[in-house]
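Let me begin by presenting the structure, written as structure tokens, before commenting on it.
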Amino acid sequence: MRYTAFALMLLAVASYASNNYDYYVLATEWAGSVCSEQTCNYADGISKTVFNLHGLWPSLSTKPMSPFNCPNVAWSTSYLTANTVSLMKTYWSGLYSSADGFHDHEWSKHGSCWENDAAQKTNPIDDFMNKALQLSAKYNVYSILANAGITPGSTYSLDSIKAALNSVFKPSGYCLQCKSGNFNEIHVCLDRSYNPITCPADTAHISCPGNVNYPNLSI
């Protein structure tokens, strides 16, 4: 059977990725906070009821945020289907930076290390972007908070936010990031089957005050 150089490279990448990380970090950010600190010139059309996707990061238990920049297909929007492009505009915006530059960074640094486990494969880039989008929708932090009566436009106790998140995620299964008292970003730890897990030691940091501002998204 004859393989193209492209196919052989993908086989090598799959073999490399399958043993190269232990878990995932799913990172999403609240645009209402981000855009109160940055000028979001690239946020047109984003959803106001979903935390904007930052990325899906294959990670090692002993060295979080690694691996990165793995050998793989070079980023090109030509790999993306029209449906993926539409979803990314709504749920995975660059906000204050160009979408292409942002997505290039996320693929090249993190997605390149992902083992493609899509049931029906299109190509590595489109499959990775779709997997990240699916997980962002499945673990919709906006909805998790709203179900607990926590909605934008007010200040909430950190304990109430954690209680809402603990209804879905492990109590030490996420990292919360705040800036200037605003709820900015959440990193959720997932196993290789994309289920919530307790984060490795010393990675479930919470940099938020006792009372957290959850600002409206005004774009």
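The values are calculated or read from the model by the stated rules, or taken from the named source; none is laboratory data. Only a predicted model underlies this, so the values are computations on that prediction, with no experimental measurement involved. So basically every Cβ, Gly included, is an ideal-geometry build from the backbone, and we count neighbours across all protein chains shown. Remember, those area values only see protein heavy atoms, side chains included, never the ligands or the DNA or RNA. Shrake-Rupley method; radii C 1.70, N 1.55, O 1.52, S 1.80 Å.
Computed values, structure above
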{"quantity": "Across the chain: Cys residues that no other cysteine approaches within a C-beta distance under 4.7 Å", "calculated": "CYS175"}
{"quantity": "Normalised contact order of the chain, rounded percent, pairs of Cα under 8 Å and 6 or more residues apart", "calculated": "26"}
{"quantity": "Counting DSSP beta bridges with both ends in segment 173-219, the antiparallel % (nearest 5)", "calculated": "70"}
{"quantity": "Unsatisfied cross-links (Cα-Cα over 20 Å) in the set LYS109/LYS131; LYS138/LYS170; LYS121/LYS170; LYS89/LYS179", "calculated": "LYS121/LYS170; LYS89/LYS179"}
{"quantity": "Accessible area of the chain belonging to carbon and sulfur atoms, whole % at 1.4 Å probe", "calculated": "50"}
{"quantity": "Rounded tilt (10° steps) of 5-18 against the dominant C-alpha axis of the chain", "calculated": "50"}
{"quantity": "Residue of ALA201, ALA27, ALA163 that the Gaussian network model of the chain assigns the largest fluctuation, springs spanning Cα pairs under 10 Å", "calculated": "ALA201"}
{"quantity": "Burial ranking of peptide ranges 180-193, 114-127 (average Cβ count within 10 Å, highest at the top)", "calculated": "180-193, 114-127"}
